[in-house]
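Novice: Have a look at the structure that comes next, please.
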Amino acid sequence: MNLRRTIRIAGLSAFAAAAVLTVNPAVSPVAASVSAICVEPAAAHTDAKAKPGGGAKHDPNEITAAELASREKDLGSALRLREQLRLPIAAAGATVTIPVVVHVISEDGTRANGNIPDSLINSQITVLNQAYAGSTGGAATAFAFQLQSINRVTNPAWYPIVYGSSAEKQMKAALRVGGAGTLNIYTGLLSDDLLGWATFPKSKLNTYDGVVILAESVPGGTASPYAEGDTATHEIGHWLNLYHTFQGGCNGGGDQVSDTPAEASAAFGCPVNRDTCANKPGLDPIRNFMDYTDDACMFQFTAGQATRMLDAWNAYRA
């Protein structure tokens, strides 16, 4: 199945966008601030990973330039407020260990219907720590991940997890634990062939905060070529306030990170020497975790992305 990683940003009335990650059945057997959601679909990518060769559907909640400007203004205000209040922050060079709670949603308690084993979840945490430490070939970030608990839930009413549904909201309201700095990950079969979605950070925490991923996208899962754990890596990047590398195309500030070259559109598969913004420096950042390429092709964050994530942590999650 072709998977698409799509980010949709949804939340308060100030924003109506999200990122979605989708799955294509041809490839796998698995079928005052602002709140935002990043959804990743496995078929077409709008803020999701989309089907190569077409078939992508438009993401109605794709973030606009105006919404981006509002989000960036809010980030600046949140950082200034913490500075004025002299609240503690994580400094450059610090290590921020994020507690992780994984909610495994299953229809009937079987592996075939969502109940992935502990071994695969532990492998996912290992992949996250390698990616965010820079040991896969990218820049090191401040973040490390520590599995706090695994919560197994058998509930047909929540399976599959349907993006934006009342059932999803009820599920998260019932299950989410911890404060703004606790990462809640929900796994299961997802609606609309999605690979995953995530909320962007906001000043006022609510129970919708967290990351949703296709259960079989974890390392050792069946959602090849998206079964090496980088759906979670990508979605957590959104949870830490990163945009897609192709945000804004070739114009403007793009993803708001200066060391990710401009990119006109999402990349799929593992292209070579792709340059969709020929009038801008650098080839497309197809190896970056925030693009839509296959898991085997993405292996890096940049130093600028690492700085942006730490700033967002200090603004919203510290």
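The values are calculated or read from the model by the stated rules, or taken from the named source; none is laboratory data. Just so it is clear, the model here is predicted, and its values are computed rather than measured. In this analysis, Cβ positions are derived from the backbone assuming ideal geometry, glycine residues included, and neighbour counts consider all displayed protein chains.
Novice: Return yes when Gly93 is of a type in the set (Gly, Ala, Ser), at positive phi and more than 22 Å from the chain's Cα centre (by Cα) and no when it is not. Break it down into steps so the answer makes sense when it comes.
Specialist: Numbers: of a type in the set (Gly, Ala, Ser): yes; at positive phi: yes; more than 22 Å from the chain's Cα centre (by Cα): yes.
Yes, satisfied.
Novice: Shifting gears a bit: Might you let me know whether the range 132-140 holds any residue that is buried (at least 17 other Cβ atoms within 10 Å of the Cβ), in contact with a strand residue (DSSP E or B) (Cβ under 9 Å, 6 or more places away or on another chain), among the aromatic types (Phe, Trp, Tyr) and modelled with pLDDT of 95 or more?
Specialist: So far as the range 132-140 goes, yes, one or more of its residues are buried (at least 17 other Cβ atoms within 10 Å of the Cβ), in contact with a strand residue (DSSP E or B) (Cβ under 9 Å, 6 or more places away or on another chain), among the aromatic types (Phe, Trp, Tyr) and modelled with pLDDT of 95 or more.
Novice: Follow-up. Just name the residue that is surrounded by the most Cβ atoms within 10 Å (Cβ to Cβ) out of those in the range 72-104 that are of a type outside the set (Val, Ile, Thr) and within 30 Å of Ala174 (Cα to Cα).
Specialist: Here the answer is His103.
Novice: Next question. What about Arg111, is it surrounded by fewer than 17 Cβ atoms within 10 Å (Cβ to Cβ), among the basic types (Lys, Arg) and within 14 Å of Val218 (Cα to Cα)?
Specialist: yes
Novice: Can you tell me which residues in the range 263-274 are buried (at least 23 other Cβ atoms within 10 Å of the Cβ) and within 25 Å of Arg71 (Cβ to Cβ)?
Specialist: Selection gives Glu263, Ala266, Ala267.
Novice: Another one. Could you list, in sequence order, all residues of the range 202-221 that are under 15 Å from Asp295 (Cα atoms) and surrounded by fewer than 24 Cβ atoms within 10 Å (Cβ to Cβ)?
Specialist: Those that are under 15 Å from Asp295 (Cα atoms) and surrounded by fewer than 24 Cβ atoms within 10 Å (Cβ to Cβ): Pro219, Gly220, Gly221.
Novice: Which one of these does Thr260 not meet: (1) more than 27 Å from Ala112 (Cα to Cα); (2) of a type in the set (Ser, Thr, Tyr); (3) surrounded by fewer than 22 Cβ atoms within 10 Å (Cβ to Cβ)?
Specialist: Thr260 satisfies all of (1) more than 27 Å from Ala112 (Cα to Cα); (2) of a type in the set (Ser, Thr, Tyr); (3) surrounded by fewer than 22 Cβ atoms within 10 Å (Cβ to Cβ) except (3).
Novice: OK, next. Here are some conditions: (1) under 20 Å from Asp311 (Cα atoms); (2) touching an Asp or Glu at 6+ places or on another chain (Cβ under 8 Å); (3) among the hydrophobic types (A, V, I, L, M, F, W, C). Ala267 meets all but one. Which one does it not meet?
Specialist: (1)
Novice: May I ask you to say which residue of Asp193, Asp255 is out of contact with any Gly (no Cβ under 9 Å at 6 or more places or on another chain), buried (at least 19 other Cβ atoms within 10 Å of the Cβ) and farther than 19 Å from Ala318 by Cβ?
Specialist: Residue meeting the stated conditions: Asp193.
Novice: Could you please find all residues in the range 35-70 being crowded, with 24+ Cβ neighbours inside 10 Å and either outside any loop (DSSP other than H, G, I, E, B) or modelled with pLDDT of 85 or more (or both)?
Specialist: Ala36, Ile37, Cys38, Val39, Glu40, Pro41, Ala48 - these are the residues of the range 35-70 that are crowded, with 24+ Cβ neighbours inside 10 Å and either outside any loop (DSSP other than H, G, I, E, B) or modelled with pLDDT of 85 or more (or both).
Novice: Would you mention how many residues in the range 118-157 are within 19 Å of the chain's Cα centre (by Cα), assigned to a strand (DSSP E or B) and closer than 26 Å to Glu107 by Cβ?
Specialist: The total comes to 1.
Novice: Check Cys277 against each of (1) buried (at least 24 other Cβ atoms within 10 Å of the Cβ); (2) out of contact with any Lys or Arg (no Cβ under 7 Å at 6 or more places or on another chain); (3) modelled with pLDDT of 95 or more and name the one condition it does not meet.
Specialist: Against the list (1) buried (at least 24 other Cβ atoms within 10 Å of the Cβ); (2) out of contact with any Lys or Arg (no Cβ under 7 Å at 6 or more places or on another chain); (3) modelled with pLDDT of 95 or more, Cys277 comes up short only on (1).
Novice: Also, quick follow-up: Go through the range 159-191 and give me each residue that's more than 16 Å from the chain's Cα centre (by Cα), at pLDDT 95 or above and hydroxyl-bearing (Ser, Thr, Tyr).
Specialist: Matches in the range 159-191: Tyr159, Ser165, Ser166.
Novice: Here's another thing I want to ask about it. Taking the range 202-244 as the region of interest, how many residues are outside any helix (DSSP H, G or I) and β-branched (Val, Ile, Thr)?
Specialist: 6
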